[in-house]
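Heads up: the structure comes next, in structure tokens.
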Amino acid sequence: MDRSDIRQLLEDLKAGRTDIDTAVDLLSGMPYEELGYAKIDHHRAARQGFPEVVYCQGKTPEQVQQIVSRLFARHDRILATRADARTFAAVQEVLPEARYHKLARAITFSKDPLEPMYPGYVAILTGGTSDLPVAEEAAVTLAIMGHAVERVYDVGVAGIQRLLAQQGIINGAHVVIAVAGMEGALPSVVAGLTDRPVIAVPTSTGYGANFAGLAPLLAMLNSCASGVSVVNIDNGFGAGYMAATINRLIASGGSR
């Protein structure tokens, strides 16, 4: 239930098309639904424009199954991240139409065909092919939230001519996500080439001195290029969500 759904419910109540008991039932899950092991925030779509996202890692398949089932009862779109095949199998038992994005380790569901809801696109760049799982998590997040994506993969600074050849796509984007491991130089170079906001995502891809992503994280935080913001290591979801928020504001002229 988002803001438009709440408005429609109140208009139906005012016009007599629904009764008070029905309205109370629909609003009873706000601000959250208690499951004992989880409190589902059904009000989040009204506050932030998208339902609560399920982080599957650390949860049992049965817990994810029940949470997704309760979200499906109230929302049109569902996103679950860091899901494995066993978790997806459990979700399919209650939601056969759900999709599993193996590379991104994400589960999505949409009651309507997934098409971009906002103009423009977000460009997602990776330093190398090994960064694709994180990049795809960002791409899946953007797609389920209604945003178009342009993928530009394997354009790391070791062969910078590959990146320079993509200048048109980069400058045409509303937002750029730059995903890189190793030394994490890609976001700084990209930000020096464009006036678009750049969301940097460090990955744990790299040899020992990469320190499981700590080296590129520090490099990105210390970037000398302007316009770079940084999310946590391997956090493709966080980058995708932030890019979606920026693109939605651009499309709406800065209003909700």
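Every read-out reported here was derived from the displayed coordinates using simple, explicitly stated rules and does not represent laboratory data. Please read all numbers here as calculations on a predicted model, not as lab measurements. Every residue, glycine among them, receives a Cβ derived from its backbone with ideal geometry; neighbour counts consider all protein chains shown.
To the nearest ten degrees, helix 132-144 and the longest principal axis of the Cα atoms of the chain are 40 degrees apart. Using the alpha-carbon positions of the range 160-209, Rg (one decimal) and Dmax (whole number) come out as 11.5, 36 Å. Of the chymotrypsin sites (Phe, Trp or Tyr not before Pro) found in the range 184-256, those in coil by DSSP whose Cβ has at most 11 other Cβ atoms within 10 Å are 207. The trypsin sites (Lys or Arg not before Pro) found in the range 1-102 that occupy coil by DSSP, while having at most 13 further C-beta atoms within 10 Å, are 17, 102.
A Förster distance of 41 Å, applied to the separation of the beta-carbon atoms of residue 169 and residue 37, puts the FRET efficiency at 0.40. Along each principal axis, taking the top coordinate minus the bottom one, the Cα set of the range 34-113 gives 33, 31, 20 Å in descending order.
Our Cα-only numbers for the range 42-188 put the radius of gyration and Dmax at 16.9, 50 Å.
For the chain, the longest principal axis of the alpha carbon atoms and the long axis of helix 61-72 meet at an angle near 70°.
Calculated mean residue ellipticity, 222 nm, the chain: -11500 deg cm²/dmol, from DSSP H runs (n ≥ 4) at -39500 (n - 2.57) each, averaged per residue and rounded to 500.
Placing dummy labels 7 Å off each Cα toward the beta-carbon, the span from residue 19 to residue 193 is 6.4 nm. Taken along its principal axes, the alpha carbon cloud of the range 121-251 reaches lengths of 42, 27, 24 Å, longest axis first. Directionally averaged projected area (the chain, Cα convex hull): 15.2 nm².
At R0 = 30 Å, how high is the FRET efficiency between residue 150 and residue 214 if r is their beta carbon distance? Nearest 0.05 is fine. Efficiency at R0 = 30 Å is approximately 0.55.
Rounded to the nearest 10 degrees, the inclination of helix 236-251 to the longest alpha-carbon principal axis of the chain is 80 degrees.
The alpha-carbon of residue 111 sits under 26 angstrom from the alpha-carbons of these lysines, leaving out residues fewer than 8 places away in its chain: 39, 59, 102.
Between residue 129 and residue 7, the distance separating the two model label sites (each 7 Å from Cα on the Cα→Cβ line) works out to 4.8 nm.
Loop-located GluC sites (Glu not before Pro) across the range 61-124 with a Cβ neighbour count of 15 or fewer within 10 Å are 97, with loop assigned by DSSP. Size estimate for the range 186-243 follows the Kirkwood approach: the inverse of mean 1/r over distinct Cα pairs works out to 11.5 Å. Each of residue 62 and residue 222 was given a label point 7 Å from its Cα along the Cα-to-Cβ line. The distance between the two points is 4.9 nm. Taking the average, over residues, of other Cβ atoms within 10 Å as the packing measure, peptides 109-122, 131-144 rank 131-144, 109-122 from highest down.
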